[in-house]
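Notes follow the structure.
The values are calculated or read from the model by the stated rules, or taken from the named source; none is laboratory data. No experiment lies behind these values; they were computed from the predicted model shown. Cβ sites come from the backbone with ideal geometry, for glycine too, and all protein chains shown count toward neighbours.
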Amino acid sequence: MHRQRSLPLFRIAALVALLAVGTVVVPAAATDRVVVVRQGDTLSQIALRHGVTVAQLMALNPIANPNRIYPGQRLRIAAGPATATLGPATVDPIVHVVRAGEHLTGIAQRYRTTIGAIVKANAIANPSYLRVGQRLSIPGTGAAAASAGKGMSASMASLVAARAEIRTIIVAEATAQGVPVAFALAVAWQESGWQAGVVSSAGAVGVMQLTPPTADWVAGTMLHEKVTLTDARSNVRAGVRLLKHYLARYQNDRSLVLAAYFQGQTAADRHGVYRVTRPYIASILALEAIFSH
């Protein structure tokens, strides 16, 4: 009932705007490394290659949307004490049994380690896929790994502060409908950057980026009230209600929930997570970790 979309023009414009502001040029520390983004790279892949988290990269660089990096972009990777503890630990690993609804972001936070460390320790080919009952070896790391991913870049923090009114609406609706607040905030930020006036090339409107047919479906089968996509509160209510529907349908499996939101429910039911959807999922999980703090 949702849609697969091409990149809205506002996201490209937002990226250009971020690169244009003076706060983007941040002097690198003497110990920092700089990597250059290659064609086809994603932020999660870069994080895994260098033993850091997506949230750390976002905090060190002016990245408002972790799903949007471009070839030739230079990214700082701290090599100081904050990242020195991010490699595999020398202590014996803990074994974690995956429960329904769990994802690597939450598991990494729980054990104060990184997604990259868990992926490496368990030879996980796709970090977006976990099986209920799967046994994960959790390499121990210091507390610095947990605290390092809590921040956001200065440019993103500025945008978040400027859009506090929309944030308040999302928090209120998520709380009222029993949807995890950080998850709703992350989806809305990924979709529109919490902007009410944006329209994608696929016709998705506003903060939660619902198309009119999807909005009509939510209105008729879930909310039983009219949805006005140009009204921020109505738009958010419909989008959060759709998330609630998917969370129940897929038993809190974040990957399938987000696949349904991006690809459509029928596609998610029949085909699972498309390859093209995986960076979208990784991006939102990284944002959820940021908005959880």
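Computed quantities for the displayed model
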| quantity | calculated |
| --- | --- |
| Evaluation of residue 236 against (1) assigned to a helix (DSSP H, G or I); (2) closer than 26 Å to residue 100 by Cβ (one fails), failing number | (2) |
| Residues satisfying the stated conditions in the stretch 188-234, i.e. under 20 Å from the mean Cα position of the chain (by Cα) and either polar (S, T, N, Q) or surrounded by fewer than 16 Cβ atoms within 10 Å (Cβ to Cβ) (or both) | 190, 192, 195, 200, 209 |
| Scan of the stretch 239-293 for residues that are within 19 Å of residue 192 (Cβ to Cβ) and either outside any helix (DSSP H, G or I) or touching a strand residue (DSSP E or B) at 6+ places or on another chain (Cβ under 8 Å) (or both), ordered by number | 239, 242, 264 |
| Long-range neighbours under 8 Å by Cβ, at least six apart or interchain, first residue at positive phi within the stretch 270-293, second assigned to a helix (DSSP H, G or I) and surrounded by 19 or more Cβ atoms within 10 Å (Cβ to Cβ) | 272/256; 272/259 |
| Conditions (1) at positive phi; (2) modelled with pLDDT of 95 or more; (3) within 21 Å of the chain's Cα centre (by Cα); number of the one not met by residue 261 | (1) |
| Candidate set from the stretch 96-121 (those that are β-branched (Val, Ile, Thr) and part of a loop (DSSP other than H, G, I, E, B)); member that is nearest to the chain's Cα centre (by Cα) | 114 |
| Considering residues of the stretch 122-135 that are modelled with pLDDT of 80 or more and within 22 Å of the chain's Cα centre (by Cα) only, the residue surrounded by the fewest Cβ atoms within 10 Å (Cβ to Cβ) | 131 |
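Results for (1) at pLDDT 70 or above; (2) under 22 Å from residue 185 (Cβ atoms); (3) of a type in the set (Gly, Ala, Ser), shown as yes or no for each residue.
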position	(1), (2), (3)
33	yes, no, no
37	yes, no, no
52	no, no, no
64	yes, yes, yes
68	yes, yes, no
